């Protein structure tokens, strides 16, 4: 295995504590584990965008949210590299910044309809447990902001999505790990979060430090694990969910990935949990609930 790229600087993927200097002001990214977000938290974040930014929320291809046109802590220069503390505190008050130290490494993508309809199992608990592992280990605060976990619940909708670590559900109890571009071991879903966290630790120990350190597993000089064989139960790649009503909920298109006030008002309802998708959409779950198919 040879590195696919040579780095000359650390990654600069934005976060709330590490804004990006865009043309219209500071840009920050708020990470959502599996794209899930409580409606009241989404409304709270929209209020922050209205009070301090361009008044809109922007969806990313990793099922996260961005705020734009935010002010800099030092109004005279964007080189201050930080937002005013009151803006950070306002974002934190929504509950969408549960860890200041680990915000950049909380990149966990999940099949958006997992647990709502289809798929082989509900991966939401697996994603939540993985997030707890990521946030509880001090060393994992050093994961690059572009390091991505991809969890496919066996429907195949994320199978072709590139990532650093992840898994594909084989049934309601087991999954095959993915490590960069190779297949890993078959493990129980109950142990999968710990196994993925262990691999993230191994990546950090292997990559070294400094501006030339790799951002991704595939850029390492040697494989992180011994390449395995793809399990025959791994599905063929599946299509992403179409927009419109689906079993388990409505996949609402967000044109150009820009969530404005009018669309937000249609989506937000008390007690509702929404799912931002990697395809510029938001899933509004069926309130009646749907059984997960096997």
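Computed from the coordinates by the stated procedures, all read-outs in this text should not be read as laboratory data. Keep in mind the model is a prediction, meaning the values are calculated, not measured. Quick reminder, even Gly has a Cβ in these numbers, built from the backbone with ideal geometry, and neighbours come from all protein chains shown.
Its relative contact order, with pairs defined as Cα atoms under 8 Å and 6+ residues apart, puts the chain at 24 percent. Approximating the spin labels as points 7 Å out from Cα along Cα→Cβ, the residue 99-to-residue 212 distance works out to 3.0 nm. What separates the Cα centres of the stretch 13-82 and the stretch 138-157 is a distance of 21 Å. Comparing 39, 22, 69 in a Gaussian network model of the chain (Cα springs below 10 Å), the most mobile by mean-square fluctuation is 22.
Remark: the residue 265-residue 13 segment gains 87.8 nm on full extension, using 0.36 nm per residue and subtracting the alpha carbon distance.
Taking the DSSP bridge list for the stretch 18-176 and keeping only pairs wholly inside it, about 60 percent are antiparallel.
Every pair of different Cα atoms in the chain enters the Kirkwood calculation, which places the hydrodynamic radius at 19.7 Å. Label zone (residue 286, point 7 Å along Cα-to-C-beta; backbone nitrogen cut-off 15 Å) within the stretch 98-140: 113-119.
With r defined as the distance between the Cβ atoms of residue 172 and residue 198 and R0 fixed at 25 Å, what FRET efficiency is calculated, to the nearest 0.05?
0.60
Between residue 40 and residue 24, residue separation times 0.36 nm minus the direct Cα-Cα distance comes to 3.1 nm.
Between residue 250 and residue 51, the contour length at 0.36 nm per residue exceeds the alpha carbon distance by 68.7 nm.
Estimated purely from DSSP H runs of n ≥ 4, each contributing -39500 (n - 2.57), the mean residue ellipticity at 222 nm for the chain is -6000 deg cm²/dmol once divided by its residues.
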